[in-house]
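Structure first, commentary second.
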Amino acid sequence: MFLAKVYITYKKGVLDPQGSTVKKALGTMGFDTIEDVRVGKYMEIMLEEKEKDVAEQKIKEMCDKVLTNPVIEEYSYDILEVRK
Amino acid sequence: MGKKVDYRELGLTDKEYQLIVETLGREPNDLELEMYGVMWSEHCSYKNSKPMLKRFPTRGKRVIQGPGENAGIVDIDDGQAVVMKIESHNHPSAIEPYQGAATGVGGIIRDIFTMGARPIALLDSLRFGELKSERVKHLFSGVVSGIADYGNCMGIPTVGGEVYFESCYTDNPLVNAMCVGIVNKKDIVRGKASGVGNPVMIVGALTGRDGIHGASFASEELSEDSEEKRPAVQVGDPFMEKLLLEACLEILKSGCVVGIQDLGAAGLTSASCETASRAGNGIELDVSLVPRREEGMTPREVMLSESQERMLVIVKKGRENEIEEIFRKWDLAAVTIGRVTDDGFLRVKDGDRVVAELPVKSLAEGAPTTVNESKQPAYIKDVQRIQYDQIPVPEDFNEVFLKLLASENICSREWIYRQYDHMVRTNTLVLPGADAAVLRIKGTKKGIALTTDCNGRYCYLNPLEGGRIAVAEAARNLVCVGAEPLAATDCLNFGNPKKPGVYWQFENCIEGMSQACEALNTPVISGNVSFYNESKEKAVYPTPVVGMVGLIRDINKIVTPGFKKEGDLIAVIGENHGGLDGSEYLRVIHGRVAGNPSIDLEKEKAVQKCCLEATKQGILNSAHDVSEGGLLINIAESCIKGGVGARIELDSEGKRWDEVLFGEAQSRIVVSLSEHNCKLLEKISEQVGCKVLIIGKVAGKKLIARVDGSTLVKQDVAEISRKWRERIKCLME
């Protein structure tokens, strides 16, 4: 059994309106050392697999096909083994 | 600067490059070459279309601003004017439907408020492949939600439009957005950089790396690796644009502004050289002063960036502070980046270093125009020839009727417009789903009617007639709600203009549209050309979308398509002849895209005059023009919208029954009116010289159609209503 933690954000260079709004809000609240804020998505996916390689390959495929919009988003992931 | 840029990769030809070298008297550097590359792309220079576009009638006594500015303007009396334009965002939407459509809407809204007008309505003309594949559904739903979210966030109602599904648009959807604004004539502003020494400011969002080369990208055919061309995709921020809109309208009121231009395709490059060129001046600017979103951007990236929600403002000298103050209030950046000069050059500096120096006239207007080779494509003869004796007349007309009613091109568009906020600002009097949308002009009795129209299939079968029909139908839609058509804006979507067949379609559509605009007195005041709508060697149907505005003098006399009262008579204004050429019936029932559709503009004029006069006299209870699906579908729609049945009795006069019921011959409007008003309608029709024929009665809960005494169709209105409404939802879910 594996737990995949998938992180999805806008690609570098793509405008992130939500990120800039949060940044602005933080600035007005007095957090004046904020350099940049990017807002993304975080997903946890449990897979019933024996091999980590296979799990990773499946997660990659899911990311490319469904979980992200490859035109404007990028992703990274961690895969952890878990015991039932 | 790294390796030398190849001009061919920027889409410039050898001849064009030679001309640039001659004009400059030297080789351009890389940045200069890239600036030429974007400005001389078809998207910015209209080099393949300019000679043809001259054909359009663009003058009229109500025209205040014709083509050549950010948008066209037409007079609606009382010191007020309507500002409007339609523009395509086809290529970006094919790559990223949601953001592509959203930024298309954002761009067209900026074109309107740049002229000093407050945007009051949006319309969208969309084309997709048939709703069968997941890919098409993804494009369709993405585009619709992109439009909805942007318009809804901005607080501008999306009031109308159209959508067609045909296989030729499968890989290359068309997304055309139209925006309409209202301005007091005295407040109109233009995109000119006048007054030497006046400061030039960039305002609104920060500049990032997005969309670099969007203009050149739009001037290519889509290919397999288009998905890899990722930098061309921009993400829109409607809340930012809302702030920009309010801030711009405020600075325009302040009297500090000389000229203003939106940063659209080719970004800062095009905005600076176009404003300078219009005023016959030059501009000097320093890219190091442009506020940026990202680290380490080069002058090239700043000059070519297509980051959204930005404007270039030319300000009266010494009043920069007032502008900064207003923008600060709206939480937006406003920075002086240069000034207007008198030498006719666009001089780009990076700090103290001059990185580009180009003559603005050459950059903005100097792209050599071409008249391409034009030849009638071979398919025309094949598709126009159709032997009707080989097309069987159906036996079960009920079945045919239901099939047609559920066609993607005929069924209700509710699934789409339910996602749009069409009531925000509470001026919308006639909602989506009618022949045209109607908005009131607050504080007056006036209203304006808006529509977009184009049957691409007709244009494919006969570009000349198709072009005429597109204009005629747009005007007819306006007349149906009781509006006098005033002016048109057009979005010409075609394939690769270097192909003689495509260019021939282009030429003929423009000729046809021009003829109809002249006949119906609706000059073209703005527009946009989108070529290279091709994929895998297949071009889309020639699709010259016509957006039109009409004036209603008294909003109490608006007419809508639904039948109102049992006992009313149903009449056809115009000749009740059939015409199956190019019909939806031929496509859906017989799988044929064939025939040679046509229109008689003199008859059309008379029909429109008759309907308009009848609405003015207030004698019509409903009016709806006959279009896709023909007479019976038209009547079914009026039944559905009125929640009431109808009995129709037709005489075929020897024509095929399918032709009588489903033919799409032009110049017909179906109206309903109370019996005692019939005499008045007949009188009007005699005066203008068109026919009126009573064909039935609004009655009961059923739609019953009889031809030559035989009952061909008998349907429960509630039942067909459900089928018609739920069709797209069913296909999508």
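Read-outs: derived from the displayed coordinates by stated rules, not from any lab. Everything quoted here is computed from the prediction, not taken from an experiment. Note: ideal-geometry Cβ built from the backbone for every residue, glycine included; neighbour counts use all protein chains shown.
The table that follows gives values for the structure above.
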read-out: Ranking of B:M297, B:M548 by count of other Cβ atoms within 10 Å, fewest first; value: B:M297, B:M548
read-out: Rg over Rh, two decimals, region B:46-143 (C-alpha only, Kirkwood Rh); value: 1.06
read-out: Number of partner chain Cβ atoms within 10 Å, mean per residue of B:623-636; value: 0
read-out: Chain A - percent relative contact order, Cα under 8 Å, separation 6 or more; value: 53 percent
read-out: Acute angle (nearest 10 degrees) that the helix B:678-688 long axis makes with the longest principal axis of chain B, alpha-carbon atoms; value: 50 degrees
read-out: Estimated Rh, region B:585-682: Kirkwood, alpha-carbon pairs, angstrom; value: 15.1 Å
read-out: Computed label-point distance, nm, for sites B:N184 and B:D708 using a 7 Å Cα→Cβ extension; value: 6.5 nm
read-out: Region A:2-81 - convex hull of alpha carbons, volume per residue in Å³; value: 103 Å³
read-out: Ordering of B:284-292, B:299-307 by packing [mean C-beta count within 10 Å, highest first]; value: B:299-307, B:284-292
read-out: Amide hydrogen neighbours beyond the local backbone of B:I695, cut-off 5 Å, H modeled; value: B:I570, B:A571, B:V572
read-out: Shielding by partners - mean other protein chain Cβ count within 10 Å, residues of B:236-244; value: 2
read-out: Label-point gap, in nm, between B:K498 and A:D78 - each point 7 angstrom along Cα→Cβ; value: 5.2 nm
read-out: For the protein assembly as shown, share of DSSP beta bridges that run antiparallel, in % to the nearest 5; value: 80 percent
read-out: B:K316-B:L289 FRET efficiency (beta carbon distance; Förster radius 25 Å; 0.05 resolution); value: 0.80
read-out: Sparse-neighbourhood loop sites, trypsin sites (Lys or Arg not before Pro) in region B:1-91 - DSSP loop, at most 12 other Cβ within 10 angstrom; value: B:K3, B:K4, B:R26, B:K54, B:R59, B:K61
read-out: Over 49 Å [Cα-Cα, chain B], rounded percent; value: 16 percent
read-out: Spacing of the two label points (7 Å from each Cα toward its C-beta) at B:S167 and B:T369, in nm; value: 3.8 nm
read-out: Spin-label zone in region B:554-579 - amide nitrogen under 16 Å from a point set 7 Å from the Cα of B:E602 along the C-beta vector; value: B:575
read-out: Partners for B:K132 among lysines (Cα-Cα distance below 20 Å; same-chain residues under 8 apart left out); value: A:K65, B:K403, B:K536, B:K538, B:K723, B:K729
read-out: Reduced Cα scattering model of the protein assembly as shown, Debye log10 I(q)/I(0), q = 0.06, 0.07, 0.11 Å⁻¹; value: -0.40, -0.54, -1.23
read-out: Lysines with Cα under 25 Å of B:K691, excluding same-chain neighbours fewer than 8 positions away; value: B:K557, B:K564, B:K565, B:K603, B:K605, B:K609, B:K616, B:K655, B:K679, B:K683
read-out: Length gained when the stretch B:K536-B:Q390 is fully extended (0.36 nm per residue, less Cα-Cα span); value: 49.3 nm
read-out: Neighbour-count order for B:C611, B:C153, B:C454, fewest beta carbons within 10 angstrom listed first; value: B:C153, B:C611, B:C454
read-out: Lys/Arg +1, Asp/Glu -1 at C-beta; the protein assembly as shown dipole; positive extreme among B:V545, B:A205, B:I64; value: B:I64
read-out: 10 Å Cβ neighbours from other chains, averaged over peptide B:200-209; value: 1
read-out: Length added when fully stretched, A:K12-A:L26, from 0.36 nm per residue minus Cα-Cα; value: 2.9 nm
read-out: For region A:2-81, size of Cβ-based charge dipole, Lys and Arg +1, Asp and Glu -1, in debye; value: 340 debye
read-out: C-alpha long axis of helix B:14-24 to longest principal axis of chain B, angle in °; value: 50 degrees
read-out: Relative packing of peptides B:246-257, A:35-46, B:639-650, B:513-524 - highest average C-beta neighbours within 10 Å first; value: B:513-524, B:639-650, B:246-257, A:35-46
read-out: Inter-part distance where region B:444-500 and region B:670-699 are each reduced to a Cα centre, Å; value: 26 Å
read-out: Per-selection Kirkwood Rh - region B:387-488 (Cα, Å, 1 d.p.); value: 16.5 Å
read-out: Rounded to the nearest 20 debye, dipole of the protein assembly as shown from Cβ charges on Lys, Arg, Asp, Glu; value: 2060 debye
read-out: Along each principal axis, Cα extent of region B:294-366, largest first, Å; value: 39, 31, 26
read-out: Listed pairs B:K50/B:K375; B:K186/B:K361; A:K12/A:K52 exceeding 25 Å between Cα atoms; value: B:K186/B:K361; A:K12/A:K52
read-out: Helix-only CD estimate at 222 nm, as mean residue ellipticity for chain B, using -39500 (n - 2.57) per DSSP H run (n ≥ 4); value: -10500 deg cm²/dmol
read-out: Relative contact order (%) - chain B, alpha-carbon pairs under 8 angstrom, separation at least six; value: 15 percent
read-out: Two-site FRET efficiency, A:T33 against B:K361, from Cβ-Cβ distance with R₀ of 35 Å, rounded to 0.05; value: 0.10
read-out: Angle between chain B longest axis and helix B:463-481 axis [Cα atoms, degrees, rounded to 10]; value: 70 degrees
read-out: FRET efficiency for A:K58 and B:E134, using Cβ-Cβ distance with R0 set to 22 Å, rounded to 0.05; value: 0.60
read-out: For peptides B:106-116, B:191-201, B:413-423, B:127-137, sequence by mean Cβ density within 10 Å, most packed first; value: B:106-116, B:191-201, B:413-423, B:127-137
